[in-house]
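Have a look at the structure below, then the notes.
The values are calculated or read from the model by the stated rules, or taken from the named source; none is laboratory data. A quick note: this is a predicted structure, and the numbers were derived from the prediction, not measured. So basically every Cβ, Gly included, is an ideal-geometry build from the backbone, and we count neighbours across all protein chains shown.
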Amino acid sequence: MTERKRLWALCIRAAALAGAGALCARLLLQNLYRFLTFDPTFYDIFAQIRDAAIRPPVAALTLAAVGISCLADRMCGRKILRIFVCILLWLLLAIVGVLLTRVNGIRFADVLFSLLDVLRKGGL
Amino acid sequence: MRKCLAILLALALLFLSGCTPREDHGPRAWEAGFGMASLQLPEAGEEPLYIAGYRNGKEITGVLDLQQARALWLSDGREAMLLISVDCVGLGSDTVARIRSGLADFCARTGCGSVNIVATHTHAGVDTLGLWGPVGIDGKNDAFMDLLVAGAIRAAEDAYADRSRGTLQWAVTKTEGLQEDSRDPAQYDSNLYQIRFQPDDPAQNPIRLWSFGAHAEALRSENTKVSRDYPGVVCDLIGRETGEDALYVPGAIGGLIMTPRLKEDVVENLQVTGQRIANRVLADAKWKEIPPELAVSRVEFETELDNTLFLYYKFLGILSNPVRQDLLGRYYVTTEVSVARLGDVALALIPGELFPELAEGTGNPTDPLGLCQIAEENGIHHLMILGLANDELGYIIPPSDFVLDEELPYFREAEGEHYEETNSVGPQCAADLAEAFEKALKKLP
């Protein structure tokens, strides 16, 4: 493969990874309430963000995706192993993406960790 | 040569055409108008109506008197402003923006340079901030909010249509025994501030703007019926006794400053409280004429959003102010402060419930200068505080008295009396407000 073709392939792979990560983050937060059916209070509370302004960290995801693509590109060994590593790294990217996603301007991670701390201390 | 001359002539003509003689507006004179709209409750629908001010999830069970929007149009012949007083617990910046947007064409048509919306802070109104639904759930009723916005706009337009020329006066009346402060130090502003418009045309109603520093909570927490609370009673009494159109704006009510409970029955308490305050409003006062000069300036500013609960509410879309986050992870909320100078009197439009200590000054080096002190330094000797103006950030507390629970800040009150901290954006607000207020003063022409 020529250098130019490799570069294109890398860019397309990175864009796909970043796009998939952003879409995943958005869909997860929009539908977060569906995972909380065990507690009607939390279900109702988080249902309020299904139509909220949800902004995944596109720049950070793109950077991470480029890194994963470059890594996959440089990895030697069996193709199946390279795919497996990519998937693992993509999952990590998706989790970080969700945490860094902003809902109405507030980062999900800030709310999640704060809420966990309050719950731990018996504040709710 | 001819070409040069022609070009020079063309340039000269262009220059001269731009130099019009200064437009003569004529002598300045006060012009004012009043408008009012009742805020009907929406038809029973899917969304319940929650009563604002006390506990979560309390639904409204009836109506004592309907909430209203009352508007004052004020102009000196050159500048013009609107002051809209809405009977509700508070209005977020999104609702203020909706009202302003709805009046955009009106402002372009009439030359109105400033639209200001103040909440009376009645604790017997429909939840307009979203904080009194079930815990974590937006308590606002969309249909009611639409009616509120439409009512405010209608009142403003009616105020403009009602306008006439006249004289403006102001007075400060002392009161006694009409307030109590549940938080130490017990400090409140016992003055009643009034601005009265006397129209030249005797067929027009005079207009009275009055301000008092006590929470509109005469109906207390037992009540579940809609009411304007004591501001409504006083405005109605003013109308009946004098034929004047009245509107109320809260002063520095942070603290928590309320009227004392005089009767066990809350409706009786409301009537007695309203009558006592009306007696002082209508008492003889030393009225001073305000020369016809109006100037308004507005400054947007940021303050740190430290309150975790408010952060959650912003995340859920219940609170509406624009926020940004810095590189250290701190959030900042954007709000505004305005100053309206009427002759030698100034109105400070504050976006929350200011502690009176912050108006007068505490003398503590940790606290910012009092707003009155800042006003004096800038040549303004008579300052009227209008709280809950154009936003509602909650309590604005002196940093020297700002104490949080160590384990669960903002979720649990600290030892002693520190409830107000749990309903404030954070300890930085007072200083940021004072700085923005000074900028607004310096911006005045």
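Residues in the range A:1-36 that are small (Gly, Ala, Ser), within 19 Å of A:VAL96 (Cβ to Cβ) and more than 10 Å from the chain's Cα centre (by Cα): 3 in all.
From the list B:ASP162, B:ASP138, exactly one residue is within 14 Å of another protein chain (Cβ to nearest Cβ) and under 23 Å from B:ALA69 (Cβ atoms). Which is it? Spell out how you get there, then give the answer.
Working: B:ASP162 fails: within 14 Å of another protein chain (Cβ to nearest Cβ).
Exactly one of B:ASP162, B:ASP138 is within 14 Å of another protein chain (Cβ to nearest Cβ) and under 23 Å from B:ALA69 (Cβ atoms), namely B:ASP138.
The single condition among (1) within 14 Å of chain A (Cβ to nearest Cβ); (2) out of contact with any Gly (no Cβ under 9 Å at 6 or more places or on another chain) that B:GLY130 does not meet is (2).
One line per residue, one yes/no per condition, for (1) at positive phi; (2) not aliphatic (A, V, I, L, M):
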residue	(1), (2)
B:GLY53	yes, yes
B:ILE60	no, no
B:ASP65	no, yes
B:ARG70	no, yes
B:ASP76	no, yes
B:VAL89	no, no
B:ALA97	no, no
B:ASN116	no, yes
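All conditions but one from (1) over 23 Å from B:ILE137 (Cβ atoms); (2) not in a helix (DSSP H, G or I) apply to A:ARG50; the one that does not is (1). Screening B:ALA359 with (1) among the hydrophobic types (A, V, I, L, M, F, W, C); (2) within 14 Å of chain A (Cβ to nearest Cβ); (3) not in a strand (DSSP E or B) gives one miss only, at (2).
Considering (1) of a type outside the set (Phe, Trp, Tyr); (2) more than 19 Å from the chain's Cα centre (by Cα); (3) on the phi < 0 side of the Ramachandran plot, the lone condition that A:LEU99 does not fulfil carries the number (2).
A quick yes/no check of all residues on (1) in a loop (DSSP other than H, G, I, E, B); (2) over 14 Å from B:ALA346 (Cα atoms); (3) free of Cβ contacts under 8 Å to residues at least 12 places away in the same chain:
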site: B:CYS372; (1), (2), (3): no, no, no
site: B:GLU376; (1), (2), (3): no, no, yes
site: B:ILE380; (1), (2), (3): yes, no, no
site: B:ILE385; (1), (2), (3): no, no, no
site: B:GLU406; (1), (2), (3): yes, yes, yes
site: B:HIS418; (1), (2), (3): yes, yes, no
site: B:GLU421; (1), (2), (3): no, yes, no
site: B:ALA434; (1), (2), (3): no, yes, no
site: B:LEU441; (1), (2), (3): no, no, no
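Which residue out of B:THR173, B:THR167 is among the hydroxyl-bearing types (Ser, Thr, Tyr), more than 16 Å from B:ALA32 (Cβ to Cβ) and outside any loop (DSSP other than H, G, I, E, B)? I'd like the intermediate steps shown before the answer.
Working: B:THR167 fails: more than 16 Å from B:ALA32 (Cβ to Cβ).
Matching residue, one of B:THR173, B:THR167: B:THR173.
What is the one condition in (1) surrounded by 14 or more Cβ atoms within 10 Å (Cβ to Cβ); (2) under 28 Å from B:GLU47 (Cα atoms) that A:PHE35 does not satisfy? Unmet for A:PHE35, out of (1) surrounded by 14 or more Cβ atoms within 10 Å (Cβ to Cβ); (2) under 28 Å from B:GLU47 (Cα atoms): (1). Based on this model, can you work out whether B:LEU383 counts as within 14 Å of another protein chain (Cβ to nearest Cβ), surrounded by 19 or more Cβ atoms within 10 Å (Cβ to Cβ), out of contact with any Asp or Glu (no Cβ under 8 Å at 6 or more places or on another chain) and of a type outside the set (Lys, Arg)? Criteria not met by B:LEU383.
Name the single residue that is farthest from B:ASN321 (Cα to Cα) among those in the range B:347-369 being without any contact (Cβ under 8 Å) to a residue 60 or more places away in the chain and among the small types (Gly, Ala, Ser). Filtering the range B:347-369 for residues that are without any contact (Cβ under 8 Å) to a residue 60 or more places away in the chain and among the small types (Gly, Ala, Ser), the one farthest from B:ASN321 (Cα to Cα) comes out as B:GLY363. For the range B:320-333, enumerate the residues that are in a strand (DSSP E or B) and in contact (Cβ under 8 Å) with a residue 40 or more places away in the chain. Once the filter is applied, which keeps residues that are in a strand (DSSP E or B) and in contact (Cβ under 8 Å) with a residue 40 or more places away in the chain, the range B:320-333 yields only B:VAL333. Would it be correct to say that B:TYR312 is assigned to a helix (DSSP H, G or I) and more than 21 Å from B:VAL345 (Cα to Cα)? Spelling it out, B:TYR312 is indeed assigned to a helix (DSSP H, G or I) and more than 21 Å from B:VAL345 (Cα to Cα). Taken over the range B:333-346, the criterion of being within 14 Å of chain A (Cβ to nearest Cβ) and buried (at least 20 other Cβ atoms within 10 Å of the Cβ) is satisfied by B:VAL333 alone.
For residues in the range B:146-198 being small (Gly, Ala, Ser) and at pLDDT below 95, which is surrounded by the most Cβ atoms within 10 Å (Cβ to Cβ)? Please lay out each step first, then the result.
Here is the first cut: in the range B:146-198, the ones small (Gly, Ala, Ser) are B:150-152, B:155-156, B:159, B:161, B:164, B:166, B:171, B:177, B:182, B:186, B:190.
Among the residues that remain, those that are also at pLDDT below 95 are: B:182, B:186.
Numbers: B:SER182: 13, B:ALA186: 11.
Going through the qualifying residues, I end up with B:SER182.
Reported count of residues in the range B:321-331, each being surrounded by fewer than 20 Cβ atoms within 10 Å (Cβ to Cβ) and either of a type in the set (S, T, N, Q) or more than 9 Å from chain A (Cβ to nearest Cβ) (or both), is 5.
Being in contact (Cβ under 8 Å) with a residue 12 or more places away in the chain, of a type outside the set (S, T, N, Q) and under 15 Å from A:ALA9 (Cα atoms) is the filter here; which residues of the range A:68-88 pass it?
Quick first cut of the range A:68-88, residues in contact (Cβ under 8 Å) with a residue 12 or more places away in the chain only: A:68-73, A:85-86.
Checking the rest, the ones that are also of a type outside the set (S, T, N, Q) come to A:68, A:70-73, A:85-86.
Hits for the range A:68-88 are A:ILE68, A:CYS70, A:LEU71, A:ALA72, A:ASP73, A:CYS86.
For the range B:291-320, a residue qualifies if it is at the interface with another protein chain (Cβ under 9 Å from one of its Cβ atoms) and charged (D, E, K, R), and exactly one does: B:LYS314. If you go through the range A:1-58 and keep only what is away from chain B (no Cβ under 14 Å), without any contact (Cβ under 8 Å) to a residue 40 or more places away in the chain and either among the β-branched types (Val, Ile, Thr) or in contact with a strand residue (DSSP E or B) (Cβ under 8 Å, 6 or more places away or on another chain) (or both), you end up with A:THR2, A:ILE12, A:THR37. Selection of first residues in the range A:89-111 that are within 8 Å of chain B (Cβ to nearest Cβ) and of second residues that are of a type in the set (Phe, Trp, Tyr) and surrounded by fewer than 21 Cβ atoms within 10 Å (Cβ to Cβ), restricted to Cβ pairs under 7 Å at least 6 apart or on distinct chains, gives the following pairs, ordered by first then second residue: A:VAL111/B:TYR312.
Quick grid of which residues meet (1) surrounded by 17 or more Cβ atoms within 10 Å (Cβ to Cβ); (2) at pLDDT below 95; (3) within 30 Å of B:GLU407 (Cα to Cα):
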{"residue": "A:VAL66", "(1), (2), (3)": "yes, yes, no"}
{"residue": "A:SER69", "(1), (2), (3)": "yes, yes, no"}
{"residue": "A:CYS76", "(1), (2), (3)": "no, yes, no"}
{"residue": "A:LYS79", "(1), (2), (3)": "no, yes, no"}
{"residue": "A:LEU89", "(1), (2), (3)": "yes, yes, no"}
{"residue": "A:VAL96", "(1), (2), (3)": "yes, yes, yes"}
{"residue": "A:THR101", "(1), (2), (3)": "yes, no, yes"}
{"residue": "A:GLY105", "(1), (2), (3)": "yes, no, yes"}
{"residue": "A:ARG120", "(1), (2), (3)": "no, yes, yes"}
